[in-house]
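The values are calculated or read from the model by the stated rules, or taken from the named source; none is laboratory data. Keep in mind that this is a model prediction, so the values were computed, not measured. Don't worry about glycine lacking a Cβ; one is built from the backbone with ideal geometry, like all the others, and counts go over all protein chains shown. Just the protein is used for accessible areas: all its heavy atoms, side chains included, with ligands, DNA and RNA removed. Shrake-Rupley method; radii C 1.70, N 1.55, O 1.52, S 1.80 Å.
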Amino acid sequence: MHTICHIITKLELGGAQQSTLYVVAHLDRSRFRPVLISGEPGMLDAEAKALRDVAFYQMPSLVRPIRPWRDLRALVELSKLLKKLKPAIVHTNSSKAGILGRWAAWLAGVPIIIHTIHGYGITPSQPAWLRWLLIGLERLTRLITTHWVAVSEADAVQGLRWKLFRRGTFTVIRPGVDTRSFQLPPLPEPDRARLRAEWGFGLEHLLVGTVAPLKLQKSPLDFVAVAARVCAGVPAARFVWVGDGELRPAIEGAIRRAGLEARIRLAGWRCDIPRVMRSLDLFLLTSHWEGLPQVLLQARASGLPAVATRAGGAAETIVDGRHGWLCEPGDIDALAERVIRLLTDSVERARMRRCGGSIPDEFDTRVALEKRVTLYDTLLATAGLVASVDTSTTRGEQPVAR
């Protein structure tokens, strides 16, 4: 039996975090011993602690911002822990954990080191010198990386362009969405009314929403700017942002300055996202950069039309003009125009709803898990590490992957 250790910076409510939790929860316990390491506290910590037969470690020194001395401490602590755990595979997720986790695994003598790219920590908002520094650090870390997983074709193309890896050293594996949780009948009107009432809205309103952390990547200021233009032209329009984060005070200030306190709600984090999706009339995603936005797949599976930016792998999740509309990041005019068009055209919204409800199999959580296990088996065999089977496992229900 081989130990597989997943490392992620923070277990906030996001696509990378949910995918990581799903993988460690569903690995076949007769073949693999899953370990999960995360850094600073996040919303999903309790869920990670509750996972059956998953060893969970938290390392507060591992944080998202660049903090040289704290990062060095995290590197040392991770290396010591990995030397103790002796995993056959370390699989890192997210940018900070990707750098520190891979070097800690190399220092600990881990034979197989994998990194999943859930979008890049190299972003347009950074100064040029910092972007090139981070690209250089990724190129250096390439020397100790066994294999990469890209969640989108866009990430794979970008990585090749930046020379972060070569062809044949990466695999595109989707993060996976639990489609069964979202492919549900419409929310009964009384339930829909109750949920909207929590935000101060009624069934008579045209409700536009999003689910995302309040951080720079998701560009919540653009969300407010789009809302201001839409509200000026559509009296029934209302907006809700489900999520929270460090930008909340700034976004609350922007809402006040726009005079939209009665028309935009910051709802905080919720766990009933399938219900949220079924309470909305339209989904809006204003991200400036992405890996593969799983939330667009969730909207599509829910039959919810979306207006989104063409960031990262967004164009791989929905078909422009079929499940919604895609615009360039930062194009407030185009985003607002598309939102207004869909809110004022119920026939077009209904058409897009009918086009949704299903997603390609490659995006299903079970298929994505099977592809990851196949990759693990291939790399273990290449390294001469034959997986043994523990016939004494006590798990009653076998995982999907074998």
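Points to keep in mind about this one:
- Of the residues making up region 143-161, those that are among the charged types (D, E, K, R) and surrounded by fewer than 21 Cβ atoms within 10 Å (Cβ to Cβ) number 2.
- Whichever residue in region 16-70 is out of contact with any strand residue (DSSP E or B) (no Cβ under 7 Å at 6 or more places or on another chain) and of a type in the set (Ser, Thr, Tyr) and, among such residues, is farthest from Val386 (Cα to Cα): Ser61
- If you go through region 231-290 and keep only what is open to solvent by less than 20 Å² (accessible area, probe 1.4 Å), farther than 19 Å from Thr309 by Cα and not in a helix (DSSP H, G or I), you end up with Val234, Ala237, Leu260, Ile264, Gly268.
- Any hit, region 123-134, residues being modelled with pLDDT under 95, within 23 Å of His6 (Cα to Cα) and in contact with a strand residue (DSSP E or B) (Cβ under 8 Å, 6 or more places away or on another chain): no
- Selection count, region 158-181, where residues are under 30 Å from Gly303 (Cβ atoms) and either more than 16 Å from the chain's Cα centre (by Cα) or not aliphatic (A, V, I, L, M) (or both): 7
- For beta carbons closer than 7 Å, sequence separation of 6+ or different chains, a first residue in region 248-262 that is within 14 Å of Cys231 (Cβ to Cβ) and among the small types (Gly, Ala, Ser) and a second that is assigned to a helix (DSSP H, G or I) and modelled with pLDDT of 95 or more, the qualifying pairs are Ala254/Leu221; Ala254/Val224; Ala258/Val224; Ala258/Ala228.
- Residue match in region 358-370 (condition: at pLDDT 95 or above and polar (S, T, N, Q)): no
- The lone exception for Ile37 - which of (1) touching a residue at least 40 places away in the same chain (Cβ under 8 Å); (2) closer than 30 Å to Ala267 by Cβ it fails: (2)
- The sole residue among Arg166, Arg192, Arg180 that is free of Cβ contacts under 8 Å to residues at least 60 places away in the same chain and over 23 Å from Gly14 (Cα atoms) is Arg166.
- Those strands (runs of 3 or more DSSP E) lying entirely in region 1-118 with at least 2 residues modelled with pLDDT of 95 or more and buried (at least 22 other Cβ atoms within 10 Å of the Cβ): 2-8, 32-38, 89-93, 112-117
Yes/no matrix, rows are residues, columns are (1) closer than 25 Å to Ser279 by Cα; (2) free of Cβ contacts under 8 Å to residues at least 12 places away in the same chain; (3) surrounded by fewer than 21 Cβ atoms within 10 Å (Cβ to Cβ); (4) of a type outside the set (Lys, Arg):
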position: Val295; (1), (2), (3), (4): yes, no, no, yes
position: Ala299; (1), (2), (3), (4): yes, no, no, yes
position: Leu326; (1), (2), (3), (4): yes, no, no, yes
position: Ile340; (1), (2), (3), (4): yes, no, yes, yes
position: Arg354; (1), (2), (3), (4): yes, no, yes, no
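- Residue satisfying condition, being acidic (Asp, Glu) and modelled with pLDDT under 95, within set Glu252, Glu246, Glu261: Glu246
- Exclusive hit being touching a Gly at 6+ places or on another chain (Cβ under 8 Å) and either under 27 Å from Leu187 (Cβ atoms) or not aliphatic (A, V, I, L, M) (or both), set Leu297, Leu304: Leu304
- From Leu214, Leu206, residue being surrounded by 20 or more Cβ atoms within 10 Å (Cβ to Cβ), in contact (Cβ under 8 Å) with a residue 24 or more places away in the chain and either touching a Lys or Arg at 6+ places or on another chain (Cβ under 6 Å) or more than 18 Å from Leu304 (Cα to Cα) (or both): Leu214
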